[in-house]
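Below is one structure, written out as structure tokens, with a few remarks after it.
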Amino acid sequence: MKLKSGQPYRLVGYKFSEFYIPKRMMEGISRYINQGVLPGEFLQAVICNDLREACGRADDENMANLPAYVGYFYNKAPANCWGSKKKMQEWVQYKRKGD
């Protein structure tokens, strides 16, 4: 099975409408949410809700699929782990102390 983008479905970690998050990116998201490990600069920009920075840091595949990241964090992630730099920093501290 393939998505409209031609990407094999098995390489997709999350699908939102016709957009997707690649599995390779889901690993960083999962480590951030579950362990408080900061991801790379693109994902940090997404987590901080900084569209300008996310666009500047995205590769072609992630740029084309930015709506999937918003969909994932809005629909699946804990609300207090994303939305601003302050929330991201507080989440990292919270997870490093232990739930």
Task: Principal-axis tilt of helix 85-97 within the chain, Cα atoms, nearest 10 degrees - done: 70
Open item on the list: I want to check a number: in the chain, how many lysine pairs have alpha carbons closer than 30 Å, given a sequence separation of 8 or more or different chains?
Closed with: 29
Open item on the list: Below 8 Å, C-alpha to C-alpha, sequence gap of six or more: please give me the relative contact order for the chain in percent.
Closed with: 27
TODO: Output the direction-averaged projected area (hull surface divided by four) of the convex hull of the alpha-carbon atoms of the chain, in nm².
DONE: 5.9
Task: Pair-distance profile P(r), taking every C-alpha pair of the range 42-99, with 10 angstrom steps and integer % - done: 24, 50, 23, 3
Open item on the list: For the pair ASN75/LYS23, report the inter-label distance in nm, with labels modelled 7 Å from Cα in the Cβ direction.
Closed with: 2.0
Task: Stretch gain in nm, segment ASN34-ASP50, where the contour uses 0.36 nm per residue and the Cα spacing is subtracted - done: 3.6 nm
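Read-outs: derived from the displayed coordinates by stated rules, not from any lab. Remember, it's a predicted structure, so these values are computed and weren't measured experimentally. All Cβ positions, even for glycine, are placed from backbone atoms using ideal geometry, and neighbour counts span all protein chains on display.
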